[in-house]
Amino acid sequence: MQHVPRRSRRGIQSPPAKTRRRRFSRCGTEEGTLEPTYMLGIPVCTAFNKWLFNTARLPGIGKDVTKKGSGDYCVVLRRGRAFIVPLQEGDQVVSLNAVKDTMNAILDHVQDEGTSVGILTSGSRDSWAKLRDSLLLIGPQNGDYFNTIESAAFIICLDEGSPEAPEERAKHCRFGNGSNRWHDKGVQFIVAANGNSGVIFEHSYIDGTLPIPLHSRIADAIDGYRPAKANDIHKSNGHVLKVPQELRLATNAEADEHIGVLKERWAAFSDARDFIFQQVPELGAKLITGHNLPLKGTFDATMQLAMHFYYGTLPVNWQPVALTQFHEGRHDLVQLNSPAVKAFCEAATNESMAVSDRRALMLNAALDLNARVREAKEGHGLYRMFHVMEKQYPADAPRAALYDHPLQRRLDNFTIISYINHDSVESVLISMDPNALRLKYSIGQDDCLISTVCGHGKVDDLARAINRAVSIMKVLIQATPGSENGERLFEGQ
């Protein structure tokens, strides 16, 4: 996710002010004093807030383990080299000037090419678990290295490069060169050389709604931050800036060889994907609700139609729904591809059908989509139940025919997942399949913003599919319900 100020949806923010804001939010998550996030007027369960900071996902053979640490410090990565940066001075939160000095000291100190050990966390979990165990056998220094990073409140990655456009910022934040990251960590804040920033979350135990209060605080900090005037700029009084303690990891030949392999894989993985941030004018809340149509359902129907055009058929499409009223409950998934949605998508461009009839099918699809989401939100979804049943089914028992049914196997098809985006961030998710889409959208009053990742070279195809769907939807939205005046819909108007 990229941090974007509310007033301009985009901005530059220095690391120090952010660090102080993050410290405040960390205290709230630990003490349980943060106000809950509300979804559709219902508070979201806050039981998992404690996993936002001082956490890491430790690799294991067949099964990883989540670790909860403690400590009033973060780890700063610069060209892969790791430094311990305190977040507290005695009983007080570390001062802004102290953080500035520390960051400048790290930037001045790291002048070599650094190290690429962080990319080891990007490989398969089993191979990383075995390699991590072999590195621990080298000596206690490596145990201290891992434990210090894993127990830190969070990581700050001071990157090179100055991405500007949303697509550039997304690709820089998510990928970089792969070496200045530690992907086992729950929270990594990425800061580029020009101050543009973002954050990477370990999604296995941090659901999408969990970081929303943190994003809001960071957006407020960006909006409220005012750089010091020239005569008020902090100076270190000519003293040499003190470089914080550096962590060092001793590697072996196996690790060094694996680093080279992973760097090549990381580059190929990055090159195979393009990012798209598409602003769609006019298709916003005013247009949809002004014609007495359900806002979310109508927009979801627009995305379904776009995917119908993009893939040439209507693929399996999931949408997560927060189980807001279940303590310690994770989100369920709703299948958006339904008979009502299929009927609308197939009829949307049928010129032999009156526009009013197609509008009726659009409304039926929108209402069906809303009903599916509402049922899951109220705890009547089926995805989690069947998924857990299958995972818990005894391995030595005859396999129930249900689990091989084509409908059941759809649970494993994640070609498309769509999300409603929080309004203060530009956000993307990445699938291992370069042809899969993770659609995120924000609906404004007068427009909407759609962001996703697609296969390399597919941006124009995806943009055309979205524009075609939006063009059709605008006409259907504004058409008179039940009119039989024989009007025809012309794409591109």
Say we look at the stretch 89-108 and pick out the residues that are in contact with a strand residue (DSSP E or B) (Cβ under 8 Å, 6 or more places away or on another chain) and surrounded by fewer than 19 Cβ atoms within 10 Å (Cβ to Cβ); which of these is farthest from GLU254 (Cα to Cα)? SER95
Members of the stretch 336-381 that are in contact (Cβ under 8 Å) with a residue 40 or more places away in the chain, of a type in the set (A, V, I, L, M) and open to solvent by 40 Å² or more (accessible area, probe 1.4 Å): ALA360, LEU363, LEU367
Criterion first (under 19 Å from LEU429 (Cα atoms) and open to solvent by 50 Å² or more (accessible area, probe 1.4 Å)) does HIS215 satisfy it? no
Please verify whether the stretch 149-158 includes one or more residues that are at pLDDT 95 or above, more than 20 Å from the chain's Cα centre (by Cα), over 21 Å from GLU246 (Cβ atoms) and among the acidic types (Asp, Glu). no
Count of the stretch 133-146 residues which are over 11 Å from LEU249 (Cα atoms) and either crowded, with 17+ Cβ neighbours inside 10 Å or aliphatic (A, V, I, L, M) (or both): 1
With criteria (1) among the small types (Gly, Ala, Ser); (2) out of contact with any Asp or Glu (no Cβ under 6 Å at 6 or more places or on another chain); (3) closer than 30 Å to PHE275 by Cα, ALA400 comes up short on (3)
Taking the stretch 437-452 on its own, how many of its residues are open to solvent by 10 Å² or more (accessible area, probe 1.4 Å) and either more than 12 Å from SER418 (Cβ to Cβ) or hydroxyl-bearing (Ser, Thr, Tyr) (or both)? 7
Total residues in the stretch 73-120, condition outside any strand (DSSP E or B) and either of a type outside the set (Gly, Ala, Ser) or free of Cβ contacts under 8 Å to residues at least 60 places away in the same chain (or both): 27
So, in the stretch 467-493, how many residues would count as being open to solvent by 70 Å² or more (accessible area, probe 1.4 Å), of a type outside the set (Ser, Thr, Tyr) and at pLDDT 50 or above? 4
Which listed residue, of ILE417, ILE450, is at pLDDT below 85, assigned to a strand (DSSP E or B) and of a type in the set (A, V, I, L, M): ILE417
Does ALA56 qualify as being part of a loop (DSSP other than H, G, I, E, B) and of a type outside the set (Asp, Glu)? no
How about the stretch 126-227: which helices (runs of 4 or more DSSP H) wholly inside it have at least 3 residues that are β-branched (Val, Ile, Thr)? 212-224
Is one or more of the residues making up the stretch 383-398 buried (at least 16 other Cβ atoms within 10 Å of the Cβ), without any contact (Cβ under 8 Å) to a residue 60 or more places away in the chain and of a type in the set (Gly, Ala, Ser)? no
Can you tell me which residue is farthest from PRO320 (Cα to Cα) among those in the stretch 399-414 that are of a type outside the set (S, T, N, Q) and in contact (Cβ under 8 Å) with a residue 60 or more places away in the chain? ARG410
From ALA301, ALA306, ALA250, ALA285, residue being open to solvent by 30 Å² or more (accessible area, probe 1.4 Å) and modelled with pLDDT of 85 or more: ALA250
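The values are calculated or read from the model by the stated rules, or taken from the named source; none is laboratory data. Everything numeric in this text was worked out from a predicted model, so none of it was measured. Virtual Cβ from ideal backbone geometry, glycine too; neighbours counted across all protein chains shown. Keep in mind that these areas ignore ligands, DNA and RNA; they rest on the heavy atoms of the full protein, side chains included. Shrake-Rupley method; radii C 1.70, N 1.55, O 1.52, S 1.80 Å.
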